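For reference, the structure is listed below as structure tokens.
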Amino acid sequence: MAVFVLIHGGGSSAWDWHLVRPLLEASGHGVVAVDLPIEDEAAGLGDYSQAVTAAVGDAQNTIVVGHSLGGFTAPLVCEQLHSEGLVYLAGMIPLPGETFGDWWINTRHNRETIDPDPQEAFFNEVPEDLADQARDRERDQRGTWMPGPWPGRHPAVPTMAILCRDDRFFPASFMRRQVHQRLGIEPVEIPGGHYAALSHPEAVAAVLNDFAQKIARESGH
């Protein structure tokens, strides 16, 4: 079975995966989720990646999953771990040399109409008690790395992009376009908003499990 390496989004924490984790473990997979050092102004993407790889240790058969801003870190971790697969969950898909700021313009996200209410943009469909817990755990996303060029590339491994059909922050039409243009693949669509790991953990775990099984079949594991 696979070891899923779960990377949270901006301002978030490993807690975001607490409903998905036991579902993956029940299917026989290992799970590693770690808090990135996002509150450290001096911490760069290399520090983020190091925090993850240190937590993974010598684990094999890894599949890296990046949620939202975690899409800037996930490909770097994937290469460092020589992972067997990469997943973007409602993820930002950067291009080599692209800055965090330029991503919004280059993908035309700046032309989307996004509700300014975080509850509507991020937590739609998340049960109220879970949304409250998520907000209580929000952390200050910092980083002098953001104006700099993204230092990575898309690794040559099986890659999946998960589109959340009810996402109001990265709307479905926007995500389809980003995935088509930047990865050249069809996204896998599931119900849920931007935080589908909280609103629809079963759907997230199911597609991740299917992806792991497909990789195992094709690799002969």
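The values are calculated or read from the model by the stated rules, or taken from the named source; none is laboratory data. What you are looking at is a predicted structure, and each value in this text was computed from that prediction instead of being measured. All Cβ positions, even for glycine, are placed from backbone atoms using ideal geometry, and neighbour counts span all protein chains on display.
Summary table below
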item	result
Thr144 within 18 Å of Pro94 (Cβ to Cβ), at pLDDT below 95 and exposed (fewer than 15 other Cβ atoms within 10 Å of the Cβ)	yes
Members of region 8-36 that are farther than 17 Å from Val126 by Cα, touching a strand residue (DSSP E or B) at 6+ places or on another chain (Cβ under 9 Å) and in a loop (DSSP other than H, G, I, E, B)	His29, Val34, Leu36
Checking Gly184 against (1) in contact (Cβ under 8 Å) with a residue 12 or more places away in the chain; (2) out of contact with any strand residue (DSSP E or B) (no Cβ under 9 Å at 6 or more places or on another chain); (3) surrounded by fewer than 22 Cβ atoms within 10 Å (Cβ to Cβ); (4) closer than 16 Å to Tyr88 by Cβ, the condition it does not meet	(1)
Residue in region 27-42 that is β-branched (Val, Ile, Thr) and either touching a residue at least 60 places away in the same chain (Cβ under 8 Å) or surrounded by fewer than 17 Cβ atoms within 10 Å (Cβ to Cβ) (or both) present	yes
All helices (runs of 4 or more DSSP H) inside region 93-151 with 3 or more residues being aromatic (Phe, Trp, Tyr)	100-106
Among the candidates Pro127, Pro118, Pro151, residue that is without any contact (Cβ under 8 Å) to a residue 24 or more places away in the chain and either out of contact with any Gly (no Cβ under 9 Å at 6 or more places or on another chain) or surrounded by fewer than 17 Cβ atoms within 10 Å (Cβ to Cβ) (or both)	Pro118
So Glu189, is it over 20 Å from Gly10 (Cβ atoms) and either out of contact with any Phe, Trp or Tyr (no Cβ under 8 Å at 6 or more places or on another chain) or β-branched (Val, Ile, Thr) (or both)	yes
